[in-house]
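Asker: Okay, handing you the structure first.
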């Protein structure tokens, strides 16, 4: 920890400090950044009929009771994505928002099976997203990377086929992940395909412990060999698992507003984040599917600190530093971002 005097930073300064301090976003599904306005614009451009009469009607449908009720609408929204430019436009819209949120690095999840099942070539998906990442770096100063996610409600054979289809574009993505419906689809289902991804030198992450039990987190670590756990909030139910995650410094990419929207927790005041952070876990704050869950990364941070009045500058700094250090960016780049973070907080403490 730095020698910044966090006690000198008044809590009233936190909203501005959280907004302007550098941060990384490590758990964001790019298809989940499709705002209703862009969905309707792409539907019109591509001649896709939507089962909603208007932008407002679609937004009003965002009343979810669990993960599956969200996924039903999520996949319907993705149906408007057909061409490389569609994927570019979607990612570019996110990067513009990320730049305003002072995100210096974003690792974007994407779900190729959602698109290849509709006849969209996997190269179309990857090339559109990759081009947006390159432009975000050049024009916005936001470093972007792609993580290919397997849909866990589909078979491991389908995941293997997807990975092989993606290999001609291997240079355009840095890792693989595991998402979609968690219940009934343990990480162990995908042990062999993750072993193949490890052989290819890909970074490994997986959703676990959102709706699934703590045992799913253990499976992701022990059987898949993941380096980060996406969500992971149900680790709170196992003291032994929490101790392990803290000792091994396994990052958790937590998504507070998503957890409330999908009824994982009742409200932010009840969120286990304070206990996780106090126990020494490397938790990070992310937006998950921001178009559907009520906000981007700064919205999550501001809502969290508003709901947790006992948190102050020390917790804010630790969360932001965790995000930078947990990224898959080169160590030299992470160190530079942490130095910029230190400077921002040191200035606030003067």
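Rule-based calculations on the coordinates, nothing more; no lab input. Since the structure is predicted, the reported quantities are computational estimates derived from the model, not experimental observations. Note that each Cβ is placed from the backbone with ideal geometry, even for glycine, and that neighbours are counted across all protein chains shown.
Asker: Any chance you could list the semi-axes, whole Å, largest first, of the equivalent ellipsoid that the Cα gyration tensor gives for the stretch 308-349, using √(5λ)?
Answerer: That gives 21, 13, 4 Å for the three semi-axes.
Asker: Kindly state, to the nearest 0.05, the FRET efficiency for residue 44 paired with residue 137, given R0 = 25 Å and r defined as their beta-carbon distance.
Answerer: 0.25
Asker: If the chain between residue 85 and residue 239 were fully stretched, how many nm would it gain, using 0.36 nm times the residue separation less the Cα-Cα distance?
Answerer: 50.7 nm
Asker: If you consider only alpha-carbon coordinates, what radius of gyration and Dmax does the stretch 208-326 have, in Å?
Answerer: Gyration radius and largest Cα-Cα distance of the stretch 208-326: 13.3, 39 Å.
Asker: For the stretch 85-143, what size does the Cα cloud have along each of its three principal axes, sorted from largest down, in whole Å?
Answerer: Taking max minus min along each principal axis of the Cα atoms, the stretch 85-143 gives 35, 16, 14 Å.
Asker: Quick one: length gained pulling residue 333 to residue 308 fully straight, 0.36 nm per residue minus the C-alpha distance?
Answerer: On the way: separation 25, 0.36 × 25 = 9.00 nm, distance 3.13 nm.
That works out to 5.9 nm of additional length.
Asker: For the chain, set up a Gaussian network in which alpha carbons nearer than 10 Å are linked by springs, and say which option among 274, 186, 330 fluctuates the most.
Answerer: Of 274, 186, 330, the most mobile in the Gaussian network model is 330.
Asker: Relative to the first principal axis of the alpha-carbon coordinates of the chain, what is the inclination of helix 122-135, with its axis defined by its Cα atoms, in degrees from 0 to 90 and to the nearest 10?
Answerer: It works out to around 40 degrees.
Asker: Using only the Cα atoms of the chain, construct the convex hull and provide its projected area averaged over every direction, in square nanometres to one decimal.
Answerer: Approximately 16.4 nm², given one-decimal rounding.
Asker: Which FRET efficiency value, to the nearest 0.05, do you get for residue 350 and residue 279 by plugging their Cβ-Cβ distance into 1/(1 + (r/R0)^6) with R0 = 25 Å?
Answerer: Efficiency, from the Cβ-Cβ distance: 0.20.
Asker: Once the convex hull of the alpha carbons of the stretch 133-274 is built, what does its volume come to per residue, in cubic angstrom? Before the final figure, lay out each step's value.
Answerer: Numbers: hull volume 18.8 nm³, N = 142.
It is 132 Å³ per residue.
Asker: Among 110, 150, what is the fewest-to-most ranking by other Cβ atoms within 10 Å?
Answerer: Placing the least packed residue first, the sequence is 110, 150.
Asker: What Rg and what Dmax come out for the stretch 115-192 when only alpha-carbon atoms are used, in angstroms?
Answerer: Rg and Dmax of the stretch 115-192, Cα atoms, are 14.0, 43 Å.
Asker: Helix 297-307 versus the longest principal axis of the chain: what is the Cα-based angle in degrees, 0 to 90, to the nearest 10?
Answerer: With both axes taken from Cα atoms, the answer is about 50 degrees.
Asker: Using Cβ counts within 10 Å as a stand-in for footprinting exposure, how do 207, 231, 105 rank, fewest first?
Answerer: Ranking 207, 231, 105 by Cβ neighbours within 10 Å, fewest first, gives 105, 231, 207.
Asker: Can you give the calculated 222 nm mean residue ellipticity of the chain, where each DSSP H run of n ≥ 4 adds -39,500 (n - 2.57) and the sum is split over every residue, rounded to the nearest 500 deg cm²/dmol?
Answerer: Computed ellipticity for the chain at 222 nm equals -14500 deg cm²/dmol.
Asker: Could you work out how far helix 67-78 tilts from the main Cα principal axis of the chain, as a 0 to 90 degree angle to the nearest 10?
Answerer: It is inclined by approximately 60 degrees.
Asker: Give the calculated FRET efficiency between residue 199 and residue 222 to the nearest 0.05, with a Förster radius of 25 Å applied to their Cβ-Cβ distance.
Answerer: Details: r = 18 Å, r/R0 = 0.72.
Efficiency at R0 = 25 Å is approximately 0.90.
Asker: Here is a further query. Contour minus end-to-end for residue 57 and residue 37, with contour as 0.36 nm per residue of separation and end-to-end as the Cα-Cα distance?
Answerer: Between residue 57 and residue 37, full extension yields 6.1 nm more.
Asker: OK, next. Could you please rank 130, 143, 323, placing first whichever residue has the fewest other Cβ atoms within 10 Å of its Cβ?
Answerer: The fewest-first ordering by Cβ neighbours comes to 143, 130, 323.
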